[in-house]
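Each reported figure results from applying straightforward, stated rules to the coordinates on display, with no laboratory input. What you see is a predicted model, and the numbers here were worked out from it, not measured in a lab. Cβ placement follows ideal geometry from the backbone for every residue including glycine, while neighbour counts extend to all protein chains displayed.
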Amino acid sequence: MAVNIQNVGVIGAGQMGSGIAHVCALAGFPVMLNDVSADRIKDSLATINGNMTRQVSKKTITEDQRKAALALIKPAEKYEDLAGCDLVIETAIERQEAKRKIFADLCPFLKPEAIIATNTSSISITRLASSTDRPERFIGIHFMNPVPLMELVEVIRGIATDNDTFEAAKDFVRKLGKTIAVSEDFPAFIVNRILLPMINEAIYTLYEGVGNVEAIDMAMRLGAHHPMGPLELADFIGLDTCLSVMQVLHEGLADTKYRPCPLLVKYVEAGWLGRKTQRGFYDYRGEKPVPTR
């Protein structure tokens, strides 16, 4: 029978983990927020508070809702603190080894019926599930960034995921007020399978000198009505993340159309990863972003 998810654990207090904790708490779920350092958890709580305060000023939530939600999020400095959770969502860096190590360390502390979910945007759910003691209770729940604003969540079963886990995950996502897209467990699922090759193609368009940064972004904003140009979007996502998704697609599907653009590789090697490092396809160190090419 399907697990009734009441308590949620979130591993990783970065941008995605903070956003997931935010929406879970607003939906009334008690949340245990874990990270490698207490300072990162503290920073995350401050970020969540700031984002909720902005929602109050925009009148999307009330001040009472903000206070009630914040009170539901508690720091969990050790995996032991997640022992009471019905669902634990991992949001660590998009690297398979890092995720597998987390699951190996986490499993001994969880109750047998607890579900483990990964927020991976591209890695095989089946492969990650095999590094746990409960592949049938393992599932992909992929939130979009920024989590509080984006309506969609991809739900991905691994080959071993049982039906109760699948139903419990869908029920949980609906309670967050999100819309579900069910994806098969193939590289990058639905959204990134379509989005990242488009971004990669925009980088090739720049690399081959078809247009400069401004022309490419303006063309897609005004010519295809995209809210953000593809190069601006790449900077927002993080060029390292873009590259890792393209590598997963290229390796997983063995098709040359997914070959990461050499220019993307060069930017990542330079440490120009986009907004988070202040430089990517745009330079963010001044008053307003300036194209770097």
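Within the chain, antiparallel bridges make up roughly 25 percent of the DSSP beta bridges whose residues both belong there.
Our coupling estimate for region 227-240, obtained by passing each phi through the Karplus curve with A = 6.51, B = -1.76, C = 1.60 and θ = phi - 60°, is x, 9, x, x, 6, 4, 5, 4, 4, 5, 5, x, 5, 5 Hz, Gly and Pro reported as x.
Relative to the current alpha-carbon distance between Cys107 and Asn212, full extension at 0.36 nm per residue lengthens the span by 32.9 nm.
Is the shape of region 192-291 rounded, prolate or oblate, going by the alpha carbon gyration tensor and its root eigenvalues a ≥ b ≥ c, with a/c under 1.5 for rounded and a/b larger than b/c for prolate? Verdict is oblate for region 192-291. Using 0.36 nm per residue and subtracting the Cα-Cα separation, the extra length available between Tyr204 and Asn49 on full extension is 51.8 nm. For the chain, the relative contact order works out to 14 percent when only alpha carbon pairs closer than 8 Å and six or more residues apart are counted. Of the cross-linked pairs Lys74/Lys276; Lys78/Lys99; Lys42/Lys67; Lys101/Lys276; Lys78/Lys101, those separated by over 18 Å at the C-alpha level are Lys74/Lys276; Lys101/Lys276.
Please list the non-local residues whose amide H lies under 5 Å from the amide H of Ala181, H modeled 1.01 Å from N, same-chain partners needing a gap of 5 or more. The list, which skips near neighbours in sequence, is Val153, Glu154, Val155. Every helix of 4 or more DSSP H residues in the chain counts as -39500 (n - 2.57), and over all residues that averages to -14000 deg cm²/dmol at 222 nm.
The modelled label-to-label distance for the pair Leu253/Arg95, using points 7 Å beyond Cα in the direction of Cβ, is 2.5 nm.
Once backbone amide H atoms are built at 1.01 Å from N, Arg279 has Leu273, Gly274, Tyr284 as its partners under 5 Å, excluding neighbours fewer than 5 places away on the same chain.
Local charge for Ser57 was computed over the other residues whose Cβ lies under 13 Å away, with Lys and Arg +1 and Asp and Glu -1, and equals +3.
On full extension, the segment bounded by Ile194 and Thr277 gains 27.3 nm, given 0.36 nm per residue less the C-alpha separation. Close amide-amide hydrogen proximity is noted between Thr118 and Glu90, Ile139, Gly140, Ile141, each under 5 Å apart and 5 or more residues distant or on a separate chain (H modeled in the peptide plane; Pro and chain starts excluded).
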